[in-house]
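Below is one structure, written out as structure tokens; the observations come after it.
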Amino acid sequence: MRLKLVAPAAALAILGVASPAILRSAEKSKQEKIVQAGSVVSLQYSLSEEDGKLIESNKGKDPLKYTHGSKQIVPGLEKELTGLKVGGEKRVKVKPEDAYGFVDSKAFQEVPKEQIPANGLKVGATLAAKGPQGQEIPVRVHEIKEKTVVLDLNHPMAGKTLLFDIKILDIQPSVTSSSPQPAKPAAPAKPAQTPQPK
């Protein structure tokens, strides 16, 4: 009886040996399913303050999607997600310097009281100001004086240590250059110029 020679890869598979091309393909497939630079990651998260007080969560809602390595999420969190796989869960503690920075004393601005709407004249109220490129920037009323109001232009989470509880729901391979560009990151914590209240 004569054996018919089959394709080399099939012959190797019959013998239980994988060809280098098959091994490379399987290895590449595994690499694409871990969080790495360029991966499009979908995740579920809960964000809490260091004392455990819940700030926000997307559990039961649409997942958060971002492109890993594109600075779309805080750097301390992004660094800790590298290497996770689909289904992976992790609690990540992010210090202020790796999140929204420290509170900047130069980011407080005093404005005349008449520039603030009546419903915004209470400490802690959040108002919208326009940045140098016309983008909306949230500002908080820090203090109310007799004729002026002190606005806090720092990011609301500046100076806070944050706790993220993360679950990786999906990982897609890198987006090619012909695909649309990922969304730009949120407005910077410290505006380049002093915004004017609306």
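Any read-out appearing in this document is the output of simple, stated calculations on the displayed coordinates, not a laboratory observation. What you see is a predicted model; the values in this text were computed from it and never measured. Heads up, the Cβs are rebuilt from the backbone with ideal geometry, glycines too, and the neighbour counts pull from every protein chain shown.
Summary of computed values
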quantity	calculated
Nonlocal amide H pairs with residue 148, under 5 Å, H built at 1.01 Å	113
Residues whose placed amide H lies under 5 Å from that of residue 129, excluding near-sequence neighbours	137, 139
Charge dipole magnitude, Cβ of K and R +1, D and E -1 - the stretch 105-152, Cα centre, debye nearest 20	20
Restricting the stretch 63-167 to chymotrypsin sites (Phe, Trp or Tyr not before Pro) in coil, as DSSP defines it, with at most 14 other Cβ within 10 Å	102
Per-residue ³J(HN,Hα) for the stretch 122-128, Karplus 6.51 cos²θ - 1.76 cosθ + 1.60, θ = phi - 60°, Hz, x for Gly and Pro	8, 4, x, 4, 9, 10, 10
Calculated FRET efficiency for the pair residue 136/residue 46, C-beta based, R₀ 22 Å, to 0.05	0.25
Fewest-first sequence of 147, 130 by Cβ atoms within 10 Å of each Cβ	147, 130
Global geometry of the stretch 57-109, whether rounded, prolate or oblate, following the gyration tensor of its Cα atoms and the 1.5 cut on a/c	prolate
Cα gyration tensor, the stretch 105-152 - rounded (a/c under 1.5), prolate or oblate	prolate
J(HN,Hα) series, the stretch 61-68, from Karplus relation 6.51 cos²θ - 1.76 cosθ + 1.60, nearest Hz, glycine and proline x	10, 4, x, 7, 10, 8, 9, 5
